[in-house]
Each structure stands twice: as C-alpha cells, then as structure tokens.
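Asks: Quick one: the structure is below, and I'll ask about it shortly.
The values are calculated or read from the model by the stated rules, or taken from the named source; none is laboratory data. Model, not experiment: these values are computed from the prediction. Here Cβ is always computed from backbone atoms with ideal geometry, including for glycine, and neighbour counts include all displayed protein chains.
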C-alpha cells in the first residue's frame, strides 16, 4: 500500500518533508537481543525506507565466502562440483570490512582480498575395531568430514596483518562429506568478498524480516462467554479477561503478540465487534545473523550502505555536467 | 546516471546498478517535496539492473534540484536512523 502523505494530497495538511518533525517522531526500541538474533522496533519511518533496509540486509551487506575451490585430489563419492557448492555455502567467520573486493578478471588473488583455506583429509580403517562391529564411528577414522577440518593457510603478509585473528568457519560441526577407507579429499579454497545479490551464499543474515504492529480495537464492550470465545480467537496473551463488578469483560492486553489469523471473523456474533488493523508506521524488525557479524553491526552496516549509495549519486551529479 | 528530457523541468534519470531498494525510498523522499509535480520510477526490464527515475517540477525549477535535495534528505534520514539505532542498542545493553 503506498503512503499517501505527500504534499497536496490532503488539503490543509502540511506534509512536506521536515527533518525536525521526523526526528521528533522517530524512535528505535530494542526489544530482545541474543547472540545471533535481534528484535527491534522502528517507529515513525515509512514503508519505503524500512523495506530498503530489509532488502539491503538480505542482499547487499558484504561477507566472505568460498568462491574458488582448487581440487587436487577428490576420490570421495561426492562429485567435485557438489563439494565446491557445499563448501561455498559454509559461513566463514571473517570480518568483511577488513578485506577489499577482488578486481574483475584477477585470477590469482592478493592478500588484501583473499582468504585461503585447506581441507586435507583421508579416511583409514581402524585396526583395533572389534570383529563384528558395524558402527562406522568405530570401524573407520575420519569418515565424516566436518567444517572443523578446514584450516586457514595465510597468504603473503596476512600473518602480520592479522596477528591474532583466527579465520575459521562459524560452526565446527557442519557435515561436508562422508568417506570410506581409501578415499581422500585434498582441496584448496579461496574466499572472496561478495554480496548477496551476486550469490545467496554471501548473504550475512539467516533471515531479516519486518512486520507491522497489529492494532486491535473492540468496538463494543464484550462480556461473559463472548469474552471467552474472543480470547480463544486470538493468540494467547492478546486478550485479557478482567472481572469488573462480577462480570467478565474482555480487554486488549498486548496486541503485539498477535499473529493475525483472523479467526474472529469466522464467528458470526463477534465479527462486527472487532476491528483489525495495523499501525502504519510501527515496524517490528527481526534480524537473525548467520554468525559472521553480530546482528546490530549488520543493521548499522546496512544503513551505512544506503548512505553510500546516495553519496555515490550525489558525487556523480556534481561531477558530470548535466545537459 | 544519464539524463534525458525535453526541458529542464521534466527529466528522466537513468540510474545504473540500482533497483527498488534505492528507487522506492528515493521516490518517497522526492514526493515529499512540495515543488515536485510528478515523481516516479520504473524498472525497464528485470534482467537489466537499471531504473528510470522521472521528476517533473512545478514552475521553473530545474529538475535536478529536487533530485539532489531528495538524495540529501535520504542521507539525513539514514544518519539519524543510524544514530538513534546505535544509541538504543547501547541503552538496551546498559540496562540489561
């Protein structure tokens, strides 16, 4: 739904852009912050800009991921290209702000834009296993290839540039491939910086979404059994029943928890007594990061990227003469 | 950017390497400008990443002006959002 608050649309309303009025009305509240998830509210902003932030979080915040895989030996069941695809999707714990983008057409990669990883593993039979056991954990060594087997190989002067950095995959227990005795994998991987628009492996968020705050109004006071049915229609915690003068009266306690299932419209008696709407400019953002960067850093980076885009066009406007 | 227009008041800018992310938010900022009579953007073809951004102004104002003002306003919004967000995160962590 497009916004309608632009000047001239409603006579008598002063809707022209006013930075000061925007700043007075705007606020951000952080609701919940865990290690990888962040839930926060943005009040007083418009849909176009909130959506721009969401799109940038998904597709344009850069990260490092495996791009080129040099396969020296792969005698496993997993085909080369499938293995390379799986390796590319593994999130790498490396701050992308420390690296540059690789130049187009540059095949080798320098130390400022590439991270090198090596995965060298061979599966052997276990001589001490019991004769009749059929448990592969006992029978073979190294038959499961996890992401913890990937080791960082510093390029050039990377040991000096990042003396205490430890570049490794975010999670150690990602299963890459399964092996049997005699099979081995020996690959060298180059990680580059990229954005989600290019390939989804570069997206830094597991997901980033927003929803609008629900607005539930009871048009008439609802009592007794109608109040009980009303409470069951909504998600738990939304409607609260109070005892006023011995009668049970329903009250909207916390509209935020509602998931808008519209169950209330299926009941003939309650259909016209409730109005479901959304508060137009209150956005509840929920950002879940893959672990590369903490989610609040991701949001800050996304805002900076939007500023960078505007700045780029401002610079172009000033430098190129318009005819 | 390329500009294309009959006279200075209604100009179509072709922005390369852009999509709805900047297009919609910039359109919103330019619409808030009372001097602008018409503002819109479209994506010529989804396979090509470029947008046509058209501004028509009332009166004799050259169309580049609302474009520039819209970009500056959008930067101001972003800056304020960034400051408010970082402050909120700090406050949330302080009171936890």
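Asks: Give, as residue ranges, the helices (runs of 4 or more DSSP H) completely inside region A:15-95 that count at least 1 residues that are out of contact with any helix residue (DSSP H, G or I) (no Cβ under 6 Å at 6 or more places or on another chain) and farther than 23 Å from residue B:29 by Cβ.
Replies: Passing ranges, in order: A:80-88.
Every residue, every condition in (1) buried (at least 21 other Cβ atoms within 10 Å of the Cβ); (2) at pLDDT below 90; (3) under 18 Å from residue A:204 (Cβ atoms), yes or no:
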{"residue": "A:54", "(1), (2), (3)": "no, no, yes"}
{"residue": "A:66", "(1), (2), (3)": "yes, no, yes"}
{"residue": "A:69", "(1), (2), (3)": "no, no, no"}
{"residue": "A:72", "(1), (2), (3)": "no, no, no"}
{"residue": "A:77", "(1), (2), (3)": "no, no, no"}
{"residue": "A:81", "(1), (2), (3)": "no, no, no"}
{"residue": "A:86", "(1), (2), (3)": "no, no, no"}
{"residue": "A:89", "(1), (2), (3)": "no, no, yes"}
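Asks: Now a separate question. Would region A:98-109 turn up any residue that is in a helix (DSSP H, G or I), in contact (Cβ under 8 Å) with a residue 60 or more places away in the chain and within 24 Å of the chain's Cα centre (by Cα)?
Replies: For region A:98-109, residues in a helix (DSSP H, G or I), in contact (Cβ under 8 Å) with a residue 60 or more places away in the chain and within 24 Å of the chain's Cα centre (by Cα): present.
Asks: Return yes when residue A:131 is in contact (Cβ under 8 Å) with a residue 40 or more places away in the chain, surrounded by fewer than 19 Cβ atoms within 10 Å (Cβ to Cβ) and farther than 30 Å from residue A:297 by Cβ and no when it is not.
Replies: no
Asks: Let me ask you something else. Need a quick list: strands (runs of 3 or more DSSP E) entirely within region A:236-304 having at least 1 residues that are without any contact (Cβ under 8 Å) to a residue 40 or more places away in the chain and over 20 Å from residue B:21 (Cβ atoms).
Replies: Passing ranges, in order: A:239-244, A:247-252.
Asks: Could you tell me which residue of region B:27-63 is nearest to the other protein chains (Cβ to nearest Cβ), considering only residues that are outside any loop (DSSP other than H, G, I, E, B) and out of contact with any strand residue (DSSP E or B) (no Cβ under 7 Å at 6 or more places or on another chain)?
Replies: Step by step, filter region B:27-63, then rank; the result is B:28.
Asks: If you don't mind, another one. Evaluate the following for residue B:73: is it surrounded by 17 or more Cβ atoms within 10 Å (Cβ to Cβ), facing chain A (nearest Cβ under 10 Å) and modelled with pLDDT of 85 or more?
Replies: Considered against the rule, which asks whether it is surrounded by 17 or more Cβ atoms within 10 Å (Cβ to Cβ), facing chain A (nearest Cβ under 10 Å) and modelled with pLDDT of 85 or more, residue B:73 comes out as yes.
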